[in-house]
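J.: The structure that follows is given in the form of structure tokens.
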Amino acid sequence: MIPASRLALTSALFWFLVANLLGVLMGLGALPLTWKPAHAHAQLLGFVSLMIYGVAYHALPRFRGVVFRRPGLALFQVGLANLGLLGMALGWGLAWGPTLWGVFAGVSAVAGLLFALLMLEVLWG
Ligand code: HEM
Ligand code: HEM
């Protein structure tokens, strides 16, 4: 397993636990509902998307029968995805305002684009 897969799968599990905790605290009223998008994206960009990245980096080259040529870039992509999500979640929860939130949202969007390009190269390159 390449380091990108291992980091993506490990951080997916980390986000799952964090997001569940945020959900429980919100449901109990210990955190305000301003944390709702942080919870939703920690589940969907964190747990779900990172789990998919981790499996896809391992599986797609094998489905296609090719060697994955860009493990370093994939590791960078997983780092970007985690950084972007961390900033988005804290930006929502702590009401950082649109500018700083937007910087991290941009990082998340770039991470998503990079993943799509890397996998398209595997599928069609
Ligand atoms: C321990 C497990 C979980 C707890 C305690 C929990 C709790 C909550 C709470 C309290 C809300 C706010 C509901 C409201 O609007 O009043 C919420 C919203 C949400 N949760 Fe969870 N949740 C859990 C797991 C999950 C999982 C596994 C996912 C997805 C994979 C998820 C996705 C969402 C989404 C997308 C919203 C926003 C829904 C909307 O737009 O109204 N949650 N959750
Ligand atoms: C670059 C990545 C993303 C950005 C910048 C982004 C941004 C946003 C914004 C601004 C909202 C409105 C939040 C609010 O209520 O104030 C939102 C809501 C939502 N997004 Fe995303 N999103 C991203 C990725 C995703 C992905 C990948 C999924 C699902 C797989 C997703 C699912 C949702 C859901 C379910 C809601 C409603 C949640 C709620 O009611 O709090 N988003 N998103």
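J.: So, in region 1-29, exactly how many residues are more than 19 Å from residue 73 (Cα to Cα) and either near ligand 1 (Cβ under 9 Å from one of its atoms) or of a type in the set (D, E, K, R) (or both)?
T.: 11
J.: Among the residues of region 71-125, which ones are in contact (Cβ under 8 Å) with a residue 24 or more places away in the chain and at positive phi?
T.: 95, the sole residue that qualifies.
J.: Quick one: would you say residue 40 is modelled with pLDDT of 95 or more, among the small types (Gly, Ala, Ser) and within 12 Å of ligand 2 (Cβ to nearest atom)?
T.: yes
J.: Failed condition for residue 109, given (1) open to solvent by less than 80 Å² (accessible area, probe 1.4 Å); (2) within 24 Å of residue 1 (Cα to Cα), with all others met?
T.: Here residue 109 meets the rest and fails (2).
J.: Still on this model: For region 78-98, check the following and say yes or no: at least one residue is among the aromatic types (Phe, Trp, Tyr) and within 17 Å of the chain's Cα centre (by Cα).
T.: The answer is yes; a qualifying residue exists.
J.: Next question, about the same structure. Restricting attention to region 9-29, report how many residues are within 16 Å of ligand 2 (Cβ to nearest atom), among the aromatic types (Phe, Trp, Tyr) and open to solvent by 60 Å² or more (accessible area, probe 1.4 Å).
T.: The qualifying residues number 1.
J.: Keeping to region 71-99, report how many residues are part of a helix (DSSP H, G or I) and open to solvent by 80 Å² or more (accessible area, probe 1.4 Å).
T.: Number of matching residues: 5.
J.: Restricted to region 30-54, and to residues that are open to solvent by 50 Å² or more (accessible area, probe 1.4 Å) and more than 20 Å from residue 92 (Cα to Cα), which residue is nearest to ligand 1 (Cβ to nearest atom)?
T.: 51
J.: Can you tell me which residue in region 50-70 is nearest to residue 8 (Cα to Cα), limited to those that are of a type in the set (Gly, Ala, Ser) and in a helix (DSSP H, G or I)?
T.: This residue is 54.
J.: Further question: What number of residues within region 55-68 are in contact with a helix residue (DSSP H, G or I) (Cβ under 8 Å, 6 or more places away or on another chain) and either aliphatic (A, V, I, L, M) or within 16 Å of ligand 1 (Cβ to nearest atom) (or both)?
T.: Matching residues across region 55-68 total 5.
The values are calculated or read from the model by the stated rules, or taken from the named source; none is laboratory data. Here the structure is a predicted model, which is why all the values come from computation and not from measurement. As a convention, Cβ positions derive from the backbone with ideal geometry for all residues, glycine included, and neighbour counts pool all protein chains shown. For the accessible areas, the whole protein counts, side chains as well, though only heavy atoms, and no ligand, DNA or RNA atoms are used. Shrake-Rupley method; radii C 1.70, N 1.55, O 1.52, S 1.80 Å.
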